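Presented below is the structure to which this report refers.
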Amino acid sequence: MLMCESSEDQTRALRIISVVGMGGIGKTTLTRLAFNDAQVKSHFEKRIWVCVSDPFEEERICIEILESLLGEKPNLVGKNNIQEKISELVFGKKILLVIDDAWTEDSSNWEQLKGSLKNSCPGSRILVTTRKEMVGKVMGSRATDMFMLRRLSEDKCWSLFCHLAFFERTRVECEKLEDVGRKIVERCKGLPLAVKTLGGLLRFKTEEHEWQSILESKMWEIEEVEKGIFPPLLLSYYDLTPPLRQCFSYCAIFPKDCLIEKDHLIKLWMAQGFVKEAQNKGMEIIGEEYFNVLAMRSLFQDFQKFGGNENIYCKMHDIVHDFALFLTEKEFLLIEIDGVKKPWKDPCFKTIRHSMLMFEREGFAFPIPLDNWKKLRSLLINSNVRGDSTSYKENLVNSVMDHLTCLRALDLNANKLRGQIMKLPDKIGKLAHLRYLNLSGSGDLKVLPEAICD
């Protein structure tokens, strides 16, 4: 289906294949296996992966597609200009575009985007993952190109569960826990994510009464909470220690499908006071132990290594990310600002404690008065603004120093700001609670203000 070509493909540039199934069933995992297959890599000249999610943001999606084609952040403004450049770059090329986690059923959202890809070579494919069959139809998938992903069989669920929950156990231990284990797996209803979550949880439970407690928990009476959260995640979350719960919930600060650097995440945890020294162990070591616990619980996935020092990066499953947001909905906020002032309508902004701001253009305006953010404790900043505009960066830094005096973590990474911070103002001393300041990539910053060294 993905690489097989018929005579019809020669007259139809884009064939749209949809992988449809409920949340946690493995759509993205299956699609990623296909995307990274050696034969698929050699078959398509360009492979592009974009996470869409909800709400649908056409310009952001186009920017990500263009960035993937160029291999760098695009220096273009305006959706039409970006789409024209995409059309130019895919001309005559056989492409594979994955649109992961699509939700919108409004066909008008897709038409311009599909139009920018129509000049690609015959045999090109768009591969869509979605929880809703109607989305696949709206995207343009024919009935023969709709792949309905079914729940795992009981035997396969049991095999996956055993791989995690019975890791390094003796045969006698496994036999003792098998009956209650099978009953727990039945409650997962064929969902791989549910099986993995509970398998990771029970891996550390050695007594039969602990397994029985999971089986009999009242959490199973919650059929489904908002945004597709289901009981296994709640069971795993409430089994964590309070510091680990804080560390997990904090991950809501990152956008969905974001690559999270382990060392960066641990430093953010430390800045918030979630990680403390104990028993002759430094905070970094304890932070790494916390990270490993969450990873073994299947709350992190898609581990990768980059850079000469092989930094570890990971992602969160979209449902796990939804769960973190559900736990922290009035404390964490991601804002994308395109340079146009827009009214701020959410009355709960005064409860926000942690935020990531993403600027698309120079001449930004903060979406709400910074005086209302005086209790903000984390500010992570990403920017697609290119060039050497020092005024943009100076305005940004000065605004932070003047208003956000409760900050514990401030990320001004030059690679994310699309340029270096040349100078820090002396008034950084106002940030008396600051514990983590990221100035990575600002090699031209030669001197730190004395106030920061006090």
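The numbers here are math on the coordinates, done by the rules we state, and not lab data. Small disclaimer: the values here were computed from a predicted structure and weren't measured. Glycine also receives a Cβ, built like all others from the backbone with ideal geometry; neighbour counts cover every protein chain displayed.
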Next on the checklist: Can you tally the net charge around Val275? Count Lys and Arg as +1, Asp and Glu as -1, for every other residue whose Cβ sits under 12 Å from the Cβ of Val275.
Outcome noted: 0
Item to check | Cβ crowding within 10 Å averaged over residues, with 323-333, 67-77 ranked highest first | outcome: 323-333, 67-77
Checklist entry - How long, wide and thick is region 67-168, going by the Cα atoms along their three principal axes, in whole angstroms, largest first? => result 54, 34, 25
Checklist outcome for this item: Dividing the alpha-carbon radius of gyration of region 167-270 by 2.2 N^0.38 Å, where N counts its residues, gives 1.22
Next on the checklist: Sequence gap at least 6, Cα distance under 8 Å: using those rules, report the relative contact order of region 176-309 to the nearest whole percent.
Outcome noted: 24 percent
Next on the checklist: Whole angstrom only: what separates the Cα centroid of region 74-115 from the Cα centroid of region 158-195?
Outcome noted: 43 Å
Checklist outcome for this item: Shape descriptor, region 1-136: equivalent ellipsoid semi-axes (Cα gyration tensor, sqrt 5λ, whole Å, largest first) stand at 21, 19, 15
Item to check | Stretchable slack from Gln212 to Lys41, in nm (0.36 nm times residue separation minus alpha-carbon distance) | outcome: 56.9 nm
Checklist entry - Relative contact order for region 60-186: what is it in percent, counting Cα pairs under 8 Å that are at least 6 residues apart? => result 21 percent
